Each structure stands twice: as C-alpha cells, then as structure tokens.
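Asks: Could you have a look at this structure, given as structure tokens, before my questions?
Only the coordinates and a few stated rules stand behind these numbers; no lab work does. Keep in mind that what you see is a predicted model, and the values were worked out from it rather than measured. Neighbour counts are summed over all protein chains in view; Cβ atoms, including those assigned to glycine, are modelled from backbone coordinates with ideal geometry.
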Amino acid sequence: MAMRLQVMMSPGCGHGEETLELVREVVRGLAPSAEIEAVVVTTAEEAERLGFPGSPTVLVDGVDIEPDRPAGAGLG
C-alpha cells in the first residue's frame with residue numbers, strides 16, 4: 001500500500017501552497033509512489049471534524065509530522 005500524505009491548509013494560507021510544493025519535491029525523490037493530497041479546510045466545523053490544528057499541517061498516513069503541536073482545532 002502506498003504512503004499517503006495530506007497537506008491541510010486554510011484558504012489564503014501564505015505557506016500552504018509553498019508547503020505542498022516542498023512535500024511534492026521531497027516525496028518525488030524518496031517515495032515516488034506516495035499519494036499526495038491537498039486538503040483545503042474552509043469552515044470551523046470542518047476544522048473540528050478533521051482535528052485540523054492550523055495551517056499548514058502535513059500528515060503522513062494520518063499522523064501529523066509535528067507531534068508536539070498544541071491541542072485543539074481551528075482555521076488559524
């Protein structure tokens with residue numbers, strides 16, 4: 001099964017697209033069969049449902065690459 005990466009971001013996040021491109025570059029060299037998905041979180045309800053801690057967030061197989069992030073969800 002291929003590795004799955006998600007770059008979660010809120011609309012207009014200044015670093016979201018930059019992070020997505022960086023993830024694509026790194027994955028292209030290390031795991032070319034990995035799936036990469038951009039997830040735009042647009043509402044507070046969606047942020048809560050997804051456990052979205054802030055923009056941008058990178059998940060690898062559902063696990064945040066920043067394990068010490070503060071708890072909570074929001075569009076910030």
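Asks: 222 nm [θ] for the chain, helices only, -39500 (n - 2.57) per DSSP H run of 4+, per residue, to 500?
Replies: Only helices count here, giving -9000 deg cm²/dmol.
Asks: Going toward the positive end of the dipole of the chain, with +1 on Lys and Arg Cβ and -1 on Asp and Glu Cβ, which of SER33, LEU59, CYS13 do you reach last?
Replies: After comparing all options, I get SER33.
Asks: Out of every Cα-Cα pair in the range 4-64, what percent are more than 15 Å apart?
Replies: The answer is 46 percent, as a whole percent.
Asks: Hey, what did the chain get for relative contact order, percent, Cα under 8 Å, at least 6 apart?
Replies: Once normalised by length, the contact order is 43 percent.
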